[in-house]
Amino acid sequence: MFMDVKKINKLFDEELVVINMGLDAFGDNLKKEQVRVLLMNWKPPAGGNKKLISLLEKLDK
Amino acid sequence: MRLFSGEGKVVSVYPKAFNIRHQDGLLVSLVEDATQMSALSLHVPSFFRSRKAETEAGAPAWFEKGRLLLNGFCIDFAASDLWESGPAWERVPGFLPSRISILEEALLLRGRRGGLLGLIHSSAEQNPFVDRASQALRRILNKARKDSSIEDLSQLVGLGPGLTPSGDDFIAGVLLGEEILSVLAASPKGARSMAQQAIIPLKVNKRDMWECLSRTNDAGKTLLFQTLQGHFPCYLIEAAKGVGGAEKLEEMADAVGRAVSHGETSGTDALVGFLFYLKATANHQRRQ
Amino acid sequence: MKKVIIQKNAYYDSVFLMLTAKAVKQIPDVKDTIILMGTEVNLEILENVGMSMPETKNATPNDLIIAVEGETDAALEEAFQTARDLLHKRQRQVDETDEYRPASFEAAVRMAPDANLITISVPGTYAAREARRALDHGLHVMLFSDNVSLEDEVELKKRASEKGLLMMGPDCGTAIINGKPLCFANVVRQGTIGIVAASGSGLQEVCSCIDSLGVGISQAIGTGGRDLQARVGGRMMLMGIEALQNDPKTKVIVVISKPPAEEVARKVIAKLKETEKPCVVQFIGQMPQEGSELLWYAGDLEEAAGMAVALSKGEGYPGRTLFLSEAALDEIVERETRGMARNQRYLRGLYAGGTLADEAIVVFERGGFEVHSNVQTKPERMLRDPHVSRKHTIVDLGEDVFTVGRPHPMIDFSIREERLAKEMEDPEVAVILADFILGYGSHEDPCGAVLGTLGQAKQKAEDRGGYLAIVASIVGTEGDFQDLEDQRKKLESVGCVVMRSNYQAAMLARKITEALESRGAD
């Protein structure tokens, strides 16, 4: 299996810039370690309405 | 509302305004008060009072048949104060050739560098955008002499610095000039005044610009989309009124000064475009 | 010399862009800078002034281009650093002044266009979709969420491997990338040992042991618990190994997992043999095999750490060094069993860390004991009711049956306390075995939180005329915020015996149980 892991090795050499989607605690912990992190106030898309979510999925494509 | 039906998403939220990006790439702003209005805005103070607090970037919106659905709220464009209507131009007395030169002087005094001010200000810092625009405008003017219309203005679409590229602001100014003169010509008093000065507005060909909207970014696209249809940002309307009503240099400089404080070079670039249009028309008349 | 950076989908107002340009121009040895949006015309102009670069070829109108011409590399670096700092500060200012936190992925990437990693811990139903979008956007993903289907996991990992991105998870609780803690993680010294693990608490245990031996780690990549199942095929494990093989800072590679599917195990071992770096393998529960000079098989997590440390120093493995001698252990056993009542004989292991529970089960089974559990593989040893212990029992309290609708026991100790309350009523219980996990994500005072109940349990046993032994291990480092020493002291204050690794704690508990058995036989 051919694996191109260049981007992973690139990550190892970069500064982490993180988006935290979900539990705030995980983002706060990164802040304590001086990591640049953007905390989200994630809400289920389209208010959790399954029909609208599938509409949005089509939008994504 | 001429926006096609489609999906949208809230892209940014500010205390008095927020922007929704239509799937075609246009930015519609919902504003709490009229002074915040941009190229394409809905003035909906009541919405702000009740719903704004719950609206967040990423929230989906739907445009359909003259209505905007957002957060369970339905905004009817017909009923809301949409920045759609053209300005009332009756107060604008017209543009005597002499007024044009005072406008130019005021721009030289108050205009901001960095964009296309160099088109009229030879000692302003020249930059590659001015060079490019200057070449394009020379060609445009040569053609205008023959065709009596302004063609290929689309060469400036997407040109230059700024979140809204300078070229787009310039074009907005040109279109503003055409709009003002057309409206003036439509009123008896204005028509008389123009006839006295033998001013016939140069027509600006818009077709090529419509075709070039994708050559610029969302902000520029929105500005062009609106101004091509005769809808201008609040600050430009105010500028046109101020400039049209100014008799003396100080009054003109004040009006210009207010306009150029908009954005970084947006106001300056738009007024340079406006001036270009007026001068082109005046010179054209002189030649006929 | 010229250089260019591009920010995709940038929405900075013009005033700010101008200020940024001014700031950059002021840097000494910067000749010129142009900041503009990537429209067609602007790209042509960049070309005309000789500032066009390969990166700009694919720019779109909504991308921000910052082109700088400078006399020296240092000037260029400083220019870009300045620009980046200003742009990020601006983002944050907008965040703070508007108190704005994005609710959707699109909004988030607009606000953080240079993000390179996302941590996702939203409910499982939505997690796969968000992970997919993140990968499509080019982000490495840490997927903490569980309740993601196996099909989704397979698809996500395929996508990730096609794009060459990390897809840590689903159900990946721990990782340490570039020395930074993702989700549950300890603060570990930086060093040369790289780890890829399909086990959260296993990863934490190995890291803690390595750190306590004075050595450090380069990267700790989590793959999620199912990675080494046949359908997933070890995809992320293999990618992790490849990345560590290429990483100049990694000198030793450690692989941790529950026993994988056979063909996956073969692939992993083959991959490890391909790397030229020394490797340590720990498939929990699998009997260590004969290794080779560069590939060592460990018998347990602590040993894996010890071997990795030895390899990183270029030394032979000296055997366990963290711990007490046989004699010292025997002394403890004697002391703990002295006061026990005749009918006390059973072990109850109450674990928050799943892999640590597995390891404890292995230790006991290797000693010939039959252990019941909620995570047993042998059906006859599965607890009929996971809430009720039977004879020797080790439970993984982090398992779904216990955590539905409640926080994980690493954070919320009520699950453990409730179980402890039950066990303390059983006069046949002789020894309690438990893990305490420190670090980010964990409770702020794991030992203190259950101290009262531990003390109560000891008291109850005494009241019955017996003695309850409580053996514990603390997974943590001196860098963790909970204060390792203090945590140890707290446990010892109620009479717990604190061992330096889970393996040692399980071994001690086993020795106590063995001593009781042989006493019973007299």
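All of the numbers you see were taken from the coordinates with simple rules; none came from a lab. None of these values were measured; they are calculated from a predicted model. All Cβ positions, glycine included, derive from the backbone under ideal geometry; neighbour counts span all protein chains shown.
Okay, here's what the table says:
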{"item": "Given C:Lys378/C:Lys490; B:Lys9/C:Lys158; C:Lys57/C:Lys249; C:Lys391/C:Lys458; A:Lys10/C:Lys3, the pairs whose alpha carbons are separated by over 26 Å", "result": "C:Lys378/C:Lys490; B:Lys9/C:Lys158; C:Lys57/C:Lys249"}
{"item": "Residues C:Lys158 and C:Glu492, FRET efficiency given R0 of 56 Å [Cβ-Cβ distance, rounded to 0.05]", "result": "0.70"}
{"item": "Ascending count of other beta-carbon atoms within 10 Å, so fewest first, for C:Tyr467, C:Tyr317", "result": "C:Tyr317, C:Tyr467"}
{"item": "FRET efficiency, 1/(1 + (r/R0)^6) with R0 51 Å, evaluated for B:Gln23 and C:Gln286 via beta carbons", "result": "0.40"}
{"item": "Average projection area in nm² (convex hull over Cα atoms of region C:102-171, one quarter of hull surface)", "result": "4.0 nm²"}
{"item": "Calculated FRET efficiency for the pair B:Arg113/B:Gln197, C-beta based, R₀ 30 Å, to 0.05", "result": "0.40"}
{"item": "Burial ranking of peptide ranges B:105-117, C:507-519 (average Cβ count within 10 Å, highest at the top)", "result": "B:105-117, C:507-519"}
{"item": "Mean shadow area of chain C, taken as a quarter of the surface of its Cα convex hull (nm²)", "result": "27.6 nm²"}
{"item": "Where only C-alpha atoms are counted, convex hull volume of region C:2-96 per residue in Å³", "result": "84 Å³"}
{"item": "Order of B:Ile120, C:Ile437, A:Ile19 - criterion: other Cβ atoms within 10 Å of each residue's Cβ, fewest first", "result": "B:Ile120, A:Ile19, C:Ile437"}
{"item": "Within chain C, helix-based [θ] at 222 nm, where runs of 4 or more DSSP H residues each add -39,500 (n - 2.57), nearest 500", "result": "-13500 deg cm²/dmol"}
{"item": "Likely footprinting exposure, B:Arg207, C:Arg84, fewest C-beta neighbours within 10 Å first", "result": "B:Arg207, C:Arg84"}
{"item": "Global form of region C:326-521, assessed from the alpha-carbon gyration tensor, a/c cut-off 1.5", "result": "rounded"}
{"item": "Sequence-distant residues sharing a close amide H with B:Arg112 (under 5 Å, placed H)", "result": "B:Thr268"}
{"item": "Cα-only radius of gyration and Dmax that characterise the protein assembly as shown, units Å", "result": "35.1, 128"}
{"item": "Directionally averaged shadow of region C:331-423, computed from the convex hull of its alpha-carbon atoms, nm²", "result": "7.0 nm²"}
